[in-house]
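Here the structure is laid out as C-alpha cells; the discussion comes afterwards.
The values are calculated or read from the model by the stated rules, or taken from the named source; none is laboratory data. For clarity, every value in this text was computed on a predicted model and none was experimentally measured. Reconstructed Cβ throughout: ideal geometry from the backbone, glycine too, with neighbour counts over all protein chains shown.
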Amino acid sequence: MKIKKIIANEQMMINLGQIIGEHAQANMVIALNGNLGVGKTTLTKGIALGLGIRETINSPTFTILKIYKGRLPLYHLDLYRTSMGSGDEDLAEYFEQGGLCVVEWANNIAHLLPANCLTITFFVLSNGARQVDLSTDNPAFNQMLGAIK
C-alpha cells in the first residue's frame, strides 16, 4: 500500500505522527528517509504523542539511540552518522524488542531493515510544504494507513 500526503505545517506533521503512534503495534519498524530539516524528528514527536509519551523528543544524532517509555517503548534511532560497515549492525536487535522502532536516515542501514517495515520518505516542495510518501507491503500497517488516508 502506498499513500502520498501533503503536509503544510509543523502541526500537520505532528498530527500525522500521532495517528501513526496511536495505531503502532509491537515490533513495527518505521524507516524515515529525507534530507536534513524535512520533518523526520517532528514526525517522531507526533508518534511519541500517539504512544502516550510526554517527554521532549529530539534527534539522537550524536547518541544514535534514545528510548522512551509509553504504551509501547519507542526506540528512536538517528543514523545520520552511520553507514554500511560502520559496526552498528547490533542496532537491528531493537527491531524485535517489543516496541516501535523509528529509524531516521534509515537508508544508511537499508541492508539491516526488515522487508516488512513502513518506509516514509520526505520531500520539500517549492512552497515549503512537505510531501510525505508512506509505503509498505506489510498488512500489519493497513489499519494505520487506513486511518491516515
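Here are the numbers for this structure:
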{"read-out": "Odd one out for residue 3 among (1) touching a His at 6+ places or on another chain (Cβ under 8 Å); (2) not in a helix (DSSP H, G or I)", "value": "(1)"}
{"read-out": "Single condition residue 121 does not satisfy, out of (1) among the hydroxyl-bearing types (Ser, Thr, Tyr); (2) over 12 Å from the mean Cα position of the chain (by Cα); (3) within 15 Å of residue 39 (Cα to Cα); (4) modelled with pLDDT of 95 or more", "value": "(2)"}
{"read-out": "Members of region 58-75 that are under 17 Å from residue 13 (Cα atoms) and at pLDDT 95 or above", "value": "none"}
{"read-out": "Residue pairs meeting the criteria (Cβ under 6 Å; at least 6 apart or on separate chains; first farther than 20 Å from residue 97 by Cα, in region 45-69; second among the aromatic types (Phe, Trp, Tyr) and assigned to a loop (DSSP other than H, G, I, E, B))", "value": "61/80"}
{"read-out": "Of residues in region 22-48 being touching a Gly at 6+ places or on another chain (Cβ under 6 Å) and over 21 Å from residue 131 (Cβ atoms), the one surrounded by the fewest Cβ atoms within 10 Å (Cβ to Cβ)", "value": "26"}
{"read-out": "For residue 69: the one exception among (1) within 21 Å of residue 115 (Cβ to Cβ); (2) more than 14 Å from the chain's Cα centre (by Cα); (3) not aromatic (Phe, Trp, Tyr)", "value": "(1)"}
{"read-out": "Condition check for residue 13: surrounded by 15 or more Cβ atoms within 10 Å (Cβ to Cβ) and either in contact with a Cys (Cβ under 6 Å, 6 or more places away or on another chain) or modelled with pLDDT of 95 or more (or both)", "value": "yes"}
{"read-out": "Search result, residues across region 79-102 that are surrounded by 22 or more Cβ atoms within 10 Å (Cβ to Cβ) and at pLDDT 90 or above", "value": "99, 100, 101, 102"}
{"read-out": "Contacts under 7 angstrom Cβ, first residue in region 104-120 being in contact (Cβ under 8 Å) with a residue 40 or more places away in the chain and of a type in the set (Asp, Glu), partner part of a helix (DSSP H, G or I) and crowded, with 20+ Cβ neighbours inside 10 Å, 6 or more apart", "value": "104/40; 104/41"}
{"read-out": "Unmet requirement for residue 105, which otherwise passes all of (1) farther than 10 Å from residue 29 by Cβ; (2) exposed (fewer than 15 other Cβ atoms within 10 Å of the Cβ); (3) not small (Gly, Ala, Ser)", "value": "(2)"}
